[in-house]
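The values are calculated or read from the model by the stated rules, or taken from the named source; none is laboratory data. Just so it is clear, the structure is predicted and the values come from calculations on it, not from any experiment. Don't worry about glycine lacking a Cβ; one is built from the backbone with ideal geometry, like all the others, and counts go over all protein chains shown.
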Amino acid sequence: MSKTWLVLKNEFLSAVLRRSFLLTLVLLPLMSFIILLVVSGIQKSSGDANTDALTDFFSPKVESSNLPEGFIDLSGLVKEIPQASQEKLVRFDNEDTAKKAVEAGTISAYYVIEKDFLAEGTILYMRPDYNPLGGMENTGAIETLMANALTDGDIELAYRVQDPLNVKEVSLAATPQRSSSNMLTFFLPYIVTFLFYIVILTSSSLLLNNISTEKQNRMMEILMTSVTPRQMLTGKIIALGFVGLLQTIVWSGSGYLMLLFSGQQFALGDAFKLPPSILIWGIIYFILGYAVYASLMAGVGALVPNLREAGQTTTVVILPLIIPLVFISSLIQAPNSPLSVVLSLFPLTAPVSMMTRLAATTVPFWQTALAAVLIGLTALFLVQSAAKMFRAQNLLSGQSINTKTFFSALFGK
Amino acid sequence: MSTINVEQISKSFGAQKAVDNVSFDVEPGEIFGLLGPNGAGKTTSIRIILDIFKPDTGKVSILGGQMTEEKKNKIGYLPEERGLYQDISLDRCLIYLATLKGMDEHEAQKRISEYLEKFDLAASKKKKVKELSKGMQQKAQLITTLVHKPEIVIIDEPFSALDPVNTQMVKDILQEERARGTSIVMCTHQMHQVEALADRIALISQGKTVLYGTLANVRQQFAKEALIVRTSSALPAELPGVSEIEKTNSHNILHLVEGQKPQDILRELLTRNIVVEQFEIALPTLDEIFIEVVKNKGVSE
């Protein structure tokens, strides 16, 4: 049996049979499942059969007071209070009576419509507490009141002025369409981004951990009388890549099952339908992204005497992996902006960024292909460099390294 | 044919010359002592023999030629910096390492069971390696060195961490291996073990071979012109041909005048009717030779 295969088999089994790995593998889907159960429980009890329950869970509505608000009209524009706002607004003639009503607890706050409202649009909002972020929750009623006043009591016209557009997006792309107003559409690119980030990071970190543990256990010298450094590196990279893939499959598989389950609860519709090509690109970008970061981590592992010494260098190495997370909003909201395109083509940020874009929009084929080619070439270079660093002398020496020595070694200096 | 043939190997790390023109041979069925103080270049020499490091100059021939993947499977190595996978069970660890030496898994399992019995470790085979004592781990490492019936065994400090019972067991095993025809290279600082086991030795100091030959030859080489003499009555204060008489608790050491033959001294003692209980040429111990050579080398450098 080939020794590379023996190394591969041993590394794979050692990694997946570790208690911590099994726990992470099972716990993450289990926790998501529990959250889902709780959310669907809330949904059922409120009788609300759409995804708003999910939205509410992640960003709950600000609690608003049930008390009406008062207003004092100094401009003389308000002739009547529209039907819909009559329970929400109470007219006062002057500020003193309004203040007393606030103190007595009959109204929660009051508005003062200034004399020059028509020219300036100024309305003072007087409330007893100070809450700059949570305030103005009841402006809907006053807006309707003013719109109604400005349209001479034509309430339909007032509503149209208040909310002139009702845009419905229709994508011309051939890929399945997702409702852009659905909260799940909003979350999906985030989920894909974080899943990709976690899987690439954990599986390549596993490699660094593995190599430095072997060094600490003083196994290297014994191993090197049986296998060559290249056999060892190949076996380890492939084995831990499979571990990462297994993790991805289990996590996304249970994610899929959860969606199936929640589909009945949530009335999902097309919200979660992703183009099937994203799965194929996902596998390609995972393999390439993993090859890039695993080689870098293997290089660090070959040079450092133990895991503690690896800290600083590892941080620098994984920095490009974090960049897409920093720009995640830009990537999702403007997936075809120059920044997004650059991030998804630059080989070190591309694996995660491109997946984010693919989950957020339709990416031109040439970009996905070019990114794959660029990451592929980088991976090829880095695998070669890591193999060079994976020499007996480095593996057996216990010298500490810094980021500079690592990059010098990486570029063969 | 020598199993290991080391020819004028040199290796530097930066400005440091770790091995400088070292040569020696190891024959089948012998225990070869590779000796030297710490940092002398023994480990680097061994790593070159094992093809872990490439020499800058010189060459090594193993089992009649260059090192190959197949030949690696015929070598058992116990390094000084030894270790085992700590987080897996003992038998899994041993089986994995044996399969890396080209053994089929079933065969490895069978032979490892035998060794575990022999080394009194059978009860601990399902325990994690980190749960074993240092001595038990040392025995486990010996199993990985020997389980694939290697033709060459290279073993660094085989007796460290072993109690006298286990030390004797390892000595017996090394002798069994020698009888089987295995070439054994043994590095140790325990000179009495080398005296008890080794057929030939090489002493390396500061990267260079400073002594090489059979144990008897080396000791002969360092024999001072002195005699160990034990008599039932007191020795006369002066004897012809003797420059100094040194008294110890059990015997006298007679330092001879240069060129003086020991037989003449014995004849003189017998003529004087002194009852001689012990009369032998004083050969230095390996410890003494080691210290002398290493110190002189240090002084001369």
Checklist line | Yes/no for A:Ala119 being crowded, with 16+ Cβ neighbours inside 10 Å and part of a helix (DSSP H, G or I) | finding: no
Item checked: Residue that is nearest to A:Leu395 (Cα to Cα), among those in segment A:192-219 that are among the β-branched types (Val, Ile, Thr) and at pLDDT 80 or above -> A:Ile211
Note to self: Just to check your reading of the model, which residue among B:Val170, B:Val194 is assigned to a helix (DSSP H, G or I), touching a Gly at 6+ places or on another chain (Cβ under 8 Å) and of a type in the set (A, V, I, L, M, F, W, C)?
What the structure shows: B:Val194
Check: Name the pairs whose Cβ atoms lie under 6 Å apart, with the first residue in segment A:199-227 and within 7 Å of chain B (Cβ to nearest Cβ), the second β-branched (Val, Ile, Thr) and crowded, with 21+ Cβ neighbours inside 10 Å, and 6 or more positions between them or separate chains?
Finding: A:Met224/B:Ile52
Next item on the list: Could you run through segment A:12-21 and say how many residues are more than 10 Å from every other protein chain (Cβ to nearest Cβ) and under 14 Å from A:Leu246 (Cα atoms)?
Entry: 4
Next item on the list: Return a yes/no flag: does segment B:90-108 have any residue that is over 26 Å from A:Arg19 (Cβ atoms), acidic (Asp, Glu) and at pLDDT 90 or above.
Entry: yes
Next item on the list: Determine whether B:Leu63 is at negative phi and touching a Ser or Thr at 6+ places or on another chain (Cβ under 7 Å).
Entry: no
Margin query: Among the residues of segment A:64-83, what is the count of those that are within 39 Å of the chain's Cα centre (by Cα) and either of a type in the set (A, V, I, L, M, F, W, C) or closer than 13 Å to A:Thr122 by Cβ (or both)?
Written below: 1
Notebook entry, point to check: Tell me, which strands (runs of 3 or more DSSP E) lie completely within segment B:12-125 with 3 or more residues that are in contact with a Gly (Cβ under 8 Å, 6 or more places away or on another chain), more than 14 Å from every other protein chain (Cβ to nearest Cβ) and in contact (Cβ under 8 Å) with a residue 40 or more places away in the chain?
Noted result: B:16-26
Next item on the list: Return the only residue of B:Ile228, B:Ile204 being surrounded by 12 or more Cβ atoms within 10 Å (Cβ to Cβ) and either more than 27 Å from B:Pro28 (Cβ to Cβ) or not assigned by TED's automatic domain parsing to the domain that holds B:Ile155 (or both).
Entry: B:Ile228
Margin query: Would you confirm, using the coordinates I've provided, whether A:Asn182 is out of contact with any helix residue (DSSP H, G or I) (no Cβ under 8 Å at 6 or more places or on another chain), surrounded by fewer than 19 Cβ atoms within 10 Å (Cβ to Cβ) and either closer than 24 Å to A:Gly253 by Cα or modelled with pLDDT under 85 (or both)?
Written below: no
Check: Tell me, which residue of segment A:300-328 that is of a type outside the set (Val, Ile, Thr) and modelled with pLDDT of 85 or more is surrounded by the most Cβ atoms within 10 Å (Cβ to Cβ)?
Finding: A:Pro324
Next item on the list: Out of the residues in segment A:86-99 that are assigned to a helix (DSSP H, G or I) and either surrounded by 12 or more Cβ atoms within 10 Å (Cβ to Cβ) or in contact with a strand residue (DSSP E or B) (Cβ under 8 Å, 6 or more places away or on another chain) (or both), state the one that is modelled with the lowest pLDDT.
Entry: A:Glu95
Check: How many residues does segment B:183-196 hold that are buried (at least 21 other Cβ atoms within 10 Å of the Cβ) and of a type in the set (A, V, I, L, M)?
Finding: 4
Next item on the list: Just need a number here: residues in segment B:103-135 that are crowded, with 18+ Cβ neighbours inside 10 Å and small (Gly, Ala, Ser).
Entry: 2
Check: So how many residues does segment B:112-151 have that are of a type in the set (D, E, K, R) and closer than 16 Å to A:Ser226 by Cβ?
Finding: 2
